[in-house]
Amino acid sequence: MPILVSGGDGFIGRSIVDRLLFAGYSILVIDNHISSFPRKDTKNSNYCIFEKDISHIDVNDVPKVSGVIHLASIASPLVYKDNPSLVIDSNTLGTRNLIDIAKRDKVRILYASTSEIYGQLNDQITKGTGIKENEFSVTKLLTERSCYASAKRLGEELIVNFKRQGGDAGNFRLFNVYGKNMDLKHVGYGRVIPNFFNQMKKGEPVQIFGTGRQSRSFLWIDDAVDAILGLFFYEGELPSAVNIGRNESISIIDLAETISNVLGVSYKTSFLPGDEDDPQWRIPNTDLISALTGWKAKVSLREGLKMIADAEKIND
Ligand code: UDP
């Protein structure tokens with residue numbers, strides 16, 4: 001029986017599916033291809049795709065599966081600001097449909113949530129130790145950006161509710177995963193690393209939103225896949241929520257500088273107004289996942305950026 005991966009043709013999904021196929025698993029992907037492409041190499045008989053929106057599937061059309069990894073969601077503010085229902089539906093209606101499948105087949109469901117749900121935290125509370133999973137969420141409501149955190153928070157509630165009823169379920173919260181081919185479909189998809197690469201390579205000014213002193217912790221895609229699959233195959237009971245991230249952060253200004261060093265180019269900056277609720281810092285506390293699975297991020301930011309630069313040189 002296949003493992004069902006929703007959003008399995010997206011940026012993170014593709015890498016998870018590759019890894020599972022390589023290990024010999026059979027995979028059923030459900031993806032509507034709004035922010036992803038269909039695979040070209042569909043010859044692998046272990047890979048099957050339903051090009052559908054998980055928010056509107058009929059659960060009876062989905063064959064019996066051996067587990068569910070739910071990644072399907074728009075992640076770019078540029079896309080969901082114009083169309084919030086896309087992000088709301090896939091994380092609420094879509095999560096409910098996938099829970100129904102997990103319930104029917106009595107299998108595990110693992111849901112991809114986000115560090116965005118922590119919102120704007122007070123520096124004094126957690127900056128030293130990193131954000132723990134039981135931290136309060138401090139988010140502004142009803143902004144252009146808030147639909148994402150609100151939808152993910154509701155998705156988490158549905159998963160934990162299923163868990164309380166005896167289901168095998170858990171949430172993980174990703175902190176800024178990056179890698180090659182992040183914006184194949186939408187050039188300028190909105191995420192900071194592909195944007196800065198594109199702008200520097202074209203000799204355009206690097207657009208920094210806000211002061212540029214806001215910071216993020218960036219996690220290399222293969223480290224993220226190790227962590228997600230470590231949880232998926234974890235043999236004990238899953239906790240309600242687990243952080244997945246690298247516990248080192250960098251300001252957006254310093255990120256631009258690092259990318260320019262890696263590319264060996266000079267650059268100019270242009271400062272634009274930032275979102276009013278753009279989180280000012282984010283560092284995960286990853287003690288929980290390390291204790292459960294022994295996972296730790298292996299790839300430094302510089303190493304990851306270098307791998308992107310090298311891959312782009314080959315494609316140029
Ligand atoms: N950002 C930026 N220039 C860009 C894209 C993003 O300065 O071209 C900023 C953005 O405002 C945020 C940070 O970089 O503070 C990370 O943005 P991204 O969308 O990659 O991730 P998220 O905001 O979801 O953490």
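The values are calculated or read from the model by the stated rules, or taken from the named source; none is laboratory data. Just so it is clear, the model here is predicted, and its values are computed rather than measured. Quick reminder, even Gly has a Cβ in these numbers, built from the backbone with ideal geometry, and neighbours come from all protein chains shown.
A few comments on the model shown:
- Of the residues Glu257, Glu248, Glu237, the single one that is surrounded by fewer than 17 Cβ atoms within 10 Å (Cβ to Cβ), more than 11 Å from the ligand (Cβ to nearest atom), under 19 Å from the mean Cα position of the chain (by Cα) and of a type in the set (D, E, K, R) is Glu248.
- Within the stretch 211-226, one or more residues are aromatic (Phe, Trp, Tyr) and within 16 Å of the ligand (Cβ to nearest atom).
- When Val160 is tested against (1) hydrophobic (A, V, I, L, M, F, W, C); (2) more than 12 Å from the ligand (Cβ to nearest atom); (3) touching a helix residue (DSSP H, G or I) at 6+ places or on another chain (Cβ under 9 Å), only condition (3) is not met.
- Looking only at residues in the stretch 37-65 that are exposed (fewer than 14 other Cβ atoms within 10 Å of the Cβ) and among the charged types (D, E, K, R), the one that is farthest from Tyr25 (Cα to Cα) is Asp58.
- Residues of the stretch 199-210 satisfying the condition of being surrounded by fewer than 20 Cβ atoms within 10 Å (Cβ to Cβ) and either within 9 Å of the ligand (Cβ to nearest atom) or assigned to a loop (DSSP other than H, G, I, E, B) (or both): Gly203, Glu204, Pro205, Gln207, Phe209, Gly210
- Listed by first and then second residue, the pairs with beta-carbon distance under 7 Å, at least 6 apart or on different chains, first residue in the stretch 73-94 and at negative phi and among the acidic types (Asp, Glu), second more than 15 Å from the ligand (Cβ to nearest atom) and at pLDDT 90 or above, are Asp89/Ser55.
- Output for the stretch 136-173, where each listed residue is without any contact (Cβ under 8 Å) to a residue 24 or more places away in the chain and closer than 20 Å to Phe218 by Cα: none
- Looking across the stretch 260-276, just one residue is touching a residue at least 24 places away in the same chain (Cβ under 8 Å), assigned to a loop (DSSP other than H, G, I, E, B) and away from the ligand (no atom under 16 Å from the Cβ), and that is Val265.
- Test: Gly304 is modelled with pLDDT of 95 or more and either exposed (fewer than 13 other Cβ atoms within 10 Å of the Cβ) or over 17 Å from Phe175 (Cβ atoms) (or both): no
- Check on Thr258, β-branched (Val, Ile, Thr) and under 30 Å from Arg164 (Cα atoms): no
- Of all residue pairs spaced 6 or more apart or on separate chains, those with beta-carbon atoms under 8 Å, a first member in the stretch 277-292 that is more than 21 Å from Phe233 (Cβ to Cβ) and a second member that is in a loop (DSSP other than H, G, I, E, B) and among the aliphatic types (A, V, I, L, M) are Pro279/Leu121; Trp281/Leu121.
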